[in-house]
Amino acid sequence: MKILVFGAHGRVGEMLCRAARAAGHELITPTHAECDLEYPAAVGELVLRSEAELVVNCAAVSRVEECEDDALRAHLVNAMSPATMALACRHTGARFIHLSTDYVLDGRRPGLKSADARCKPVNTYGFSKMEAELQVREGNAEALILRVSWVCGNPRKPSFVENAVAQAVRGEKLVAAVDQDSMPTHAGDIARAILSPQLEGVSGVLQVTSSGEPMSRYSGTMVALEHARSVGALSQMPVVEPQKICDMGRFRAPRPAHTAMDNCDLLALGIPMPSARESICRAVDDYLSYTAGQTH
């Protein structure tokens, strides 16, 4: 199968391309220089001439503060280009899968959220991703939107999981938020789900996350560090200072507090997902193996 992947060099995109190549698929992976997602018309033209059977959009401006600083760019990249992809796929007959985020939720209520939970983002990033969901569904009824959360597991694109281990190894001060929770999910599991034949014919919104109970940034950091210590990467457990989001100066934009999503619809399709704890531990193992290889 010929697959066109936008965002092929991102956290999920890299893992998806690796898995797709291993499965024997032909890939088209345009770089930013080859296709700038700030120009939706060019994006649509690429889809139309690609002859792809599957188009997957993993690309986004995902840094929250960056979206606040340039809302127009966030709108173009995160909303308008995916909308154009969806329309182009409807024209060519290609299947379209778009990656969304738990940040479309308002995050006010603790606990696991279903796919029909209220969407009311609290920042520009979330608004741009919600707009994309609405535009994609309106433009292509056969499109599939996958909501993911707190993606880890690509050592070349570290998340809070890998960064916590790296900081601990360097002996740096560690701080983690206690008032924000979701479901840390391994990028490799998202890639596996995207390529799963069980998703054929599925449309609408599907939540692709780890299983189990919500986990805070603080508790996720502690799991990562405990596992790193158990495998010998740390001689002792470092101290992690718990903080509230509002006290963490590097965060200028608000974050939703409770965005953990249930994956019961995914499991019902026969696509198993590990627990958030297992995902974090695997991400730590992947990161340690990668860094060990970099030093030899």
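The values are calculated or read from the model by the stated rules, or taken from the named source; none is laboratory data. Note that this is a predicted model, so its numbers are computed, not measured. Every residue, glycine among them, receives a Cβ derived from its backbone with ideal geometry; neighbour counts consider all protein chains shown.
Output the number of residues of segment 126-157 satisfying the condition of being under 16 Å from Thr185 (Cα atoms) and touching a strand residue (DSSP E or B) at 6+ places or on another chain (Cβ under 8 Å).
8
Right, Ala79: touching a strand residue (DSSP E or B) at 6+ places or on another chain (Cβ under 7 Å), on the phi < 0 side of the Ramachandran plot and surrounded by fewer than 24 Cβ atoms within 10 Å (Cβ to Cβ) or not? I'd like the intermediate steps shown before the answer.
Numbers: touching a strand residue (DSSP E or B) at 6+ places or on another chain (Cβ under 7 Å): no; on the phi < 0 side of the Ramachandran plot: yes; surrounded by fewer than 24 Cβ atoms within 10 Å (Cβ to Cβ): yes.
Considered against the rule, which asks whether it is touching a strand residue (DSSP E or B) at 6+ places or on another chain (Cβ under 7 Å), on the phi < 0 side of the Ramachandran plot and surrounded by fewer than 24 Cβ atoms within 10 Å (Cβ to Cβ), Ala79 comes out as no.
What number goes with the only condition from (1) surrounded by fewer than 22 Cβ atoms within 10 Å (Cβ to Cβ); (2) of a type outside the set (A, V, I, L, M); (3) within 19 Å of Asp179 (Cα to Cα); (4) within 19 Å of the chain's Cα centre (by Cα) that Gly111 does not pass?
Condition not satisfied by Gly111: (4).
Any residue at all in segment 83-90 that's modelled with pLDDT of 95 or more, crowded, with 16+ Cβ neighbours inside 10 Å and not in a helix (DSSP H, G or I)? Steps first, answer last, please.
Taking segment 83-90 first, the residues modelled with pLDDT of 95 or more are 83-90.
The next check asks that each one be crowded, with 16+ Cβ neighbours inside 10 Å; those that pass are 83-89.
After this cut, where a residue has to be not in a helix (DSSP H, G or I) as well, the list is none.
No, segment 83-90 contains no residue that is modelled with pLDDT of 95 or more, crowded, with 16+ Cβ neighbours inside 10 Å and not in a helix (DSSP H, G or I).
So, of the residues in segment 38-63 that are in contact with a strand residue (DSSP E or B) (Cβ under 7 Å, 6 or more places away or on another chain) and over 24 Å from Asp189 (Cβ atoms), which turns out to be surrounded by the most Cβ atoms within 10 Å (Cβ to Cβ)?
So, considering only residues that are in contact with a strand residue (DSSP E or B) (Cβ under 7 Å, 6 or more places away or on another chain) and over 24 Å from Asp189 (Cβ atoms), the one surrounded by the most Cβ atoms within 10 Å (Cβ to Cβ) is Val47.
Take segment 241-296 and flag every residue that is assigned to a helix (DSSP H, G or I), surrounded by 13 or more Cβ atoms within 10 Å (Cβ to Cβ) and of a type in the set (S, T, N, Q).
Within segment 241-296, Ser279, Thr291 meet the criteria.
Looking at (1) part of a helix (DSSP H, G or I); (2) of a type in the set (A, V, I, L, M, F, W, C); (3) free of Cβ contacts under 8 Å to residues at least 60 places away in the same chain, which one does Phe96 not meet, given that it meets all the others?
(1)
Answer yes or no as to whether Glu68 is in a helix (DSSP H, G or I), surrounded by fewer than 18 Cβ atoms within 10 Å (Cβ to Cβ) and of a type outside the set (A, V, I, L, M). Quick ask: steps written out before the conclusion?
Numbers: in a helix (DSSP H, G or I): yes; surrounded by fewer than 18 Cβ atoms within 10 Å (Cβ to Cβ): yes; of a type outside the set (A, V, I, L, M): yes.
Considered against the rule, which asks whether it is in a helix (DSSP H, G or I), surrounded by fewer than 18 Cβ atoms within 10 Å (Cβ to Cβ) and of a type outside the set (A, V, I, L, M), Glu68 comes out as yes.
Pick out the one residue from Gln207, Gln198, Gln180 that is in contact with a Gly (Cβ under 6 Å, 6 or more places away or on another chain) and touching a residue at least 24 places away in the same chain (Cβ under 8 Å). Step through it out loud before you land on a result.
On the way: Gln207 fails: in contact with a Gly (Cβ under 6 Å, 6 or more places away or on another chain); Gln180 fails: in contact with a Gly (Cβ under 6 Å, 6 or more places away or on another chain).
On inspection, the qualifying residue turns out to be Gln198.
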